[in-house]
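Reading through the structure tokens given below for one structure.
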Ligand SMILES: C[S@@+](CC[C@H](N)C(=O)[O-])C[C@H]1O[C@@H](n2cnc3c(N)ncnc32)[C@H](O)[C@@H]1O
């Protein structure tokens, strides 16, 4: 997601002028669009049909949560792909830019936005069909320094995502673990709290860097 391996810092990379830079960067837009399309493809991947209880996705306008939607690059692609999207972001500076785009989008009425922390979602149980998160999920560990706190955060967040998803709900998380320990922490938080699935990496030998988790709620 970052150019020349420069890692973004939360929240400074997304506040004030930086939120404008993010939203106006053609490179970033192209990159995030490409990643979102790949995540949408993974959401419909037939390998996920056979994970847990077998099912097949049809063409319904599923309600999909975009966790950490930022200025709306990912949400825009998801509504264009036929989904109804609830975009969630913790930063007003990012979310307000997504909001300003709605009137100009085809099917803009299929995008709803919520200013919230993805760790504590104000969303009813069993109400969401699917979840997608692009380049945002690792930020739930922001300022979580010791192992106990990190462990509690990833597990509680996974439990709350299971709570809001309908049974068989699919979830695609694209994120950037910083090392193997962090990768395993995220993976086990899902498998220990009601999800089955698998991982895709461009380079499976590399534990950090871009990672896709393809998950399905039991
Ligand atoms: C790199 S941007 C990605 C935005 C968007 N998904 C895209 O593809 O362009 C990361 C976003 O995650 C949001 N974020 C970080 N921590 C969050 C949290 N705890 N809850 C909700 N959003 C969060 C940030 O505010 C930022 O807008």
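Bear in mind that the values in this text are calculations on the coordinates, not laboratory data. Please read all numbers here as calculations on a predicted model, not as lab measurements. So basically every Cβ, Gly included, is an ideal-geometry build from the backbone, and we count neighbours across all protein chains shown.
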Legend entry - Beta bridge orientation in the range 55-217: antiparallel %, DSSP, nearest 5: 40
Legend entry - 125, 13, 135, 160 arranged by Cβ crowding within 10 Å, fewest neighbours leading: 125, 13, 160, 135
Inset, instruction - Run the numbers on the chain and let me know its relative contact order in percent, using alpha-carbon pairs under 8 Å that are six or more apart. - result: 19
Legend entry - For the range 1-61 versus the range 62-116, the gap between their alpha-carbon centres in whole angstrom: 12
Inset, instruction - Could you tell me the distance between the Cα centroids of the range 173-192 and the range 147-168, to the nearest Å? - result: 12
Legend entry - Dimensionless Rg/Rh of the range 55-217 - Kirkwood Rh, Rg from C-alpha atoms: 0.96
